[in-house]
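Notes follow the structure.
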Amino acid sequence: MFQLLNRQGLEHNDRDTDDDSTTINLERVGRTRIEDLVSSTREVPWTLTLAQLLWTAGPVTFLALQGGSLLGYGEPVELRTYLFFAIYVFIAAIIGVIARIMATTIRGRKQEKVRANVTRTLDMIPDLIFTTRDLHLGTLTKPERQRDAASILLRKQDLGSNTISVAVFDLTNDNTLATIAEEIEVFRRAGMFSRIRDLNLRYEEHIEAALTQLKEYSGEIADLLRERLQGLAPNQDEGVARGDHFISQVYAAAHQEDLSLMTLEDVEDILGLAFELLSGREITRLTLDYEGDWQLARALDELERWHNAYRQVKASAVLYLRELAYFLIETRLTSLDHSILDADTDTLLQETSNALTRLVGRLRWSGRDELETNRHAVRNLRMALRYAKLTRQTVGRLQDRYVRYVRALERWTLLRERLFENENLALPGEGLRIRESTIALNDEQKLEFANQFVRYLDDHGIEPGNMGVLRHDSPMSIQHAKHLAIRVLLILRPLLDLDNPSVQRALESSRGAFLEGLEMSFSADAKAGLGAAVVKELSDNLGPAAELIALRLTKLYRMPLSQNVRDFLVAHFDANPERLQFISDSARDDEQDDAPPIPHAPAMVHNYEEWRAPIEAAEGLLGQLLRQVESS
């Protein structure tokens, strides 16, 4: 008995030592990664600066004066003239040194702020992923939560045999199978796969019975357990599958003002994508290029671009409006209450506009006195001013995007009708080219993302906690997590050109990085190091992207998916031949769909002129009051 306990303790200590060593290595890599990201150009040593100063004021000035005088006047300069220029150069250099000291101080403070933003971002995003995952588990029944939590454990690559045993028992309530899985994990770590095959043959009927029962709940989890029982651990090189259309669903939830249209899995995918990009992930994008007259194709591209742009700007407008209303409620600047947040956009728009009108009227009479006696109110009004400006500017862009979207839709409809009126017109297959490009964030874009992300965390009081991320010292809710995902997507939109439909398709079809090795107890440096490591090891699977290209060829461009095209996609991009065949067969049987109707203008566009006036009046008065208080 003592030997058994001693062996278990030794195994546990070895694992702790390995974990500590791994964490230290990850921290070292992550710290280097963060420093590389925030560091500017290398500083010039002060000794070299002093040498340059003496060299310029001495020999350089003397030689330049003597040479110029000899060439121009044929005689050398006097010592008095040389001293004048030498002192002039020296004083100018001293001024330059002082300016450099001031610039170095300012740059140092800026670097510290940037470093803090990047570190906090890389530290918070994994914790937000864990919190979102726990929120999803909280929505399930107890048996479902038990099974799904066990499946999350099985997806982790480096688990102890005891953890595997716990996960298998939670999935199957079978002690025998849990013991078998524990033994298999021990043999897998030691590379004894022949012993794993022995166990599978010995308990084949028992294993198959348990998997059949589990398959009734989830075929995916059953397949995951089968792989574990065969001694196959998750491979971080292959990555993990993302949810279907997760970006589109987040935009749809914001566009339709219905958070139920997006899931917490979508939130997790958005946060995971952001962490990958900050860790240096590069995603290959496939786009189509043609030769010849492709008016319909260009019209469809324009339609898709402006439709995406319209949806995204509307999502931004709705989000900014709700943030403005929420801020007015939380700071009690107006009489709005929390019930208004559950109202539709039309009602929220009207009530927020009325509240701003009343706020302007109150501040006209007592605003300056109130601000001078309450400095906290100055900060609140400054934030309210920023939210009001963002809301008004976004709604102004929404009006432009709506007009462009309707115009593109009308043009596409007209060209499409003309095309299909001519039954003999066929689109040739020659001239097809597939172009590859890379989607990634450069260092400046990563810093910009971190800056905006941290600002959102500060504005909403989001901080790490012992049992998950907190918001204003309270557990984060599902609604807050979904709003956070919308904000992250809106930050990424200009950085990645998400208005481009091909960018969105490439991101949605890509495999996610294997981040199961992350833990909430890791430091920010360790999280950054692990992120950089798994992103580097992830293989680029272009099969799904190639299948989307095939779908666009058949559905949008009405091109036949010939055998040559299918063979090309399989050979160069590892596309699935069966899926390509299915797409080809579906295209031959597909009938022409009717053109979509012209959408109605949203309320914020229709009533833009009516509610813009009180917001602009509030902006002007708040700005005037703040300037008066700051000047006094």
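Observations, loosely collected:
- Ligands, DNA and RNA left out, the 1.4 Å accessible surface of region 158-233 is 46% carbon and sulfur atoms.
- For region 213-274, the solvent-accessible area with a 1.4 angstrom probe is 44 square angstrom per residue.
- Working ranking of peptides 489-500, 566-577 by packing, defined as the average number of other Cβ atoms within 10 Å per residue, highest first, is 489-500, 566-577.
- Per-residue SASA entry for HIS338, accessible area with 1.4 Å probe, Å² rounded to 10: 100
- Simple Cβ-charge dipole of region 158-233, Lys/Arg +1 and Asp/Glu -1, about Cα centre, in debye nearest 20: 280
- Between GLU444 and ASP585, the simple spin-label model (points 7 angstrom out along Cα→Cβ) gives 5.2 nm.
- Of LYS215/LYS536; LYS113/LYS156; LYS314/LYS527; LYS446/LYS482, those spanning more than 32 Å from alpha-carbon to alpha-carbon: LYS215/LYS536; LYS113/LYS156; LYS314/LYS527
- Estimated FRET transfer efficiency (SER218, HIS245; beta-carbon r; R0 30 Å; 0.05): 0.90
- Computed from phi, the 3J(HN,Hα) profile of region 453-467 under the Karplus parametrisation 6.51, -1.76, 1.60 (θ = phi - 60°) reads 5, 5, 4, 5, 4, 5, 4, 10, x, 8, 9, x, x, 5, 10 Hz, with x in place of Gly and Pro.
- Interchain or long-range residues, amide H under 5 Å from THR284's placed H: ILE439
- For region 175-252: rounded, prolate or oblate by the Cα gyration tensor [a/c cutoff 1.5]: oblate
The values are calculated or read from the model by the stated rules, or taken from the named source; none is laboratory data. Just so we're clear, the structure is a prediction, and the values are computed from it rather than from any experiment. Cβ sites come from the backbone with ideal geometry, for glycine too, and all protein chains shown count toward neighbours. The accessibility values were calculated without ligands, DNA or RNA, using every heavy atom of the protein model including side chains. Shrake-Rupley method; radii C 1.70, N 1.55, O 1.52, S 1.80 Å.
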